[in-house]
Amino acid sequence: MQDYNVQLSALQLLKRYIEDLKKQLESSQRSYGNKILELNDCGVPRQVVEEYSLVFWQPKDHSIMTLIQQIEELDIPYLQNQINIISHADNNSKYTKEEFKRAIQRIKNEMIMKRCQCCDNTFEVPVGSKIVLCPKCFKKLFQDTGRDPNCR
Amino acid sequence: MQDYQRILDGLYGLRNFLQQLQEGLETQLNAYRSHITNMIDAGVAIQVAEKYEEVNFRNNENIIRQIINSILEDDIPYINNQIQIIENALKDVK
């Protein structure tokens, strides 16, 4: 259970980091575009602005866009999926008191009474069980012989 | 002369922005890598962590690296060249 929590928190941190990275890239992309517009406003020769935009800005703008898309379409869904899987496993590993009672009840419903072949006392075993000795006799015989007395 | 100064301010602004962007991306890349290491250390199933590192992280890292290299090797030298041209023109006017 502890392991699941550590894994879950590492995946959640990575996902949160990736989401923040995406936001920062979007903001940088906007600022970069604005800087190009500012060049025009500052009176930088049109030819220089166009050349810079075409040769330098556009390929980078495209790369940033690709990165944002990859994060959005691949990274975040992948990490979210792993988080869901681990969360589910974590929930399954927790036995609540109620679940524990229900599980015991379920087992009890499938138990029958048997008579011990050694001491003749009755004891509970699961339906279809091949056990023929009560726990007390089993323990005693096991200690005496060092072998499983139920195995004939 | 004022016109040249405005052009220079615009070019300095773009250069500063790109330098900050490049430094920011380097920092992000390091943080990204340390999150991947944390994920592996946390015991996330090896095939999950490896797949993320080998496919997702590598693809993202390559793009970030390309942007950083392009800023350092293409943009900054080009802008520096334009700055030099305008600074020379400004000197001539003075």
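Values quoted throughout were computed directly from the atomic coordinates according to the rules given, and no laboratory measurement underlies them. Predicted model, so just to flag it, every value in this text is computed and none were measured. A quick note on method: Cβ atoms are made from the backbone with ideal geometry, for glycine too, and the neighbour counts reach across all protein chains shown.
Is there a simple number for the mean count of other chain Cβ atoms within 10 Å of the Cβ of residues in B:19-32, and what is it?
Working: counts 0, 2, 8, 0, 0, 3, 5, 0, 0, 5, 1, 0, 3, 4.
Across the residues of B:19-32, the mean count of other-chain Cβ atoms within 10 Å is 2.
Working out 0.36 nm times the residue gap between A:ASP144 and A:SER9, then minus their Cα-Cα distance, what length gain in nm do you get to one decimal?
43.5 nm
Using the Karplus curve 6.51 cos²θ - 1.76 cosθ + 1.60 with θ = phi - 60°, what ³J(HN,Hα) values do you get for each residue of segment B:3-9, in whole Hz, with x for Gly and Pro?
4, 4, 5, 5, 4, 4, 4
Long-range amide H contacts for A:CYS118: which residues qualify at under 5 Å (H placed 1.01 Å from N, peptide plane, sequence gap of 5 or more or a different chain)?
For A:CYS118, the qualifying residues are A:CYS134.
When the dipole is taken about the Cα centre of the protein assembly as shown, and only Lys, Arg (+1) and Asp, Glu (-1) are charged at their Cβ, what size is it in debye, to the nearest 20?
Approximately 2220 debye in magnitude.
Place +1 on the Cβ of every Lys and Arg and -1 on the Cβ of every Asp and Glu in chain B, take the dipole about the Cα centre, and give the residue among B:GLN20, B:HIS35, B:ASN60 whose Cα lies farthest towards its positive end.
Result: B:GLN20, furthest along the dipole toward the positive end.
Step through the residues of segment B:28-37 one at a time and calculate ³J(HN,Hα) from phi using the Karplus curve (6.51 cos²θ - 1.76 cosθ + 1.60, θ = phi - 60°), rounding each to whole Hz and writing x for Gly and Pro.
For segment B:28-37, the Karplus curve yields 4, 5, 5, 5, 4, 4, 5, 5, 5, 4 Hz.
Just B:ASN69, B:ASN56, B:ASN80 to compare: in a GNM of chain B, with alpha carbon springs under 10 Å, which one fluctuates most?
In this elastic network of chain B, the residue with the biggest mean-square fluctuation among B:ASN69, B:ASN56, B:ASN80 is B:ASN56.
Compute the distance in nm between two label points, each set 7 Å from the Cα along the Cα-to-Cβ direction, one at A:GLU50 and one at A:ILE85.
With each label placed 7 Å out from Cα toward Cβ, I get 5.3 nm.
Per residue of segment A:42-58, what does 6.51 cos²θ - 1.76 cosθ + 1.60 with θ = phi - 60° give for ³J(HN,Hα)? Whole Hz please, x for Gly and Pro, Karplus curve as stated.
7, x, 4, x, 3, 4, 5, 4, 4, 4, 4, 4, 5, 8, 10, 6, 4
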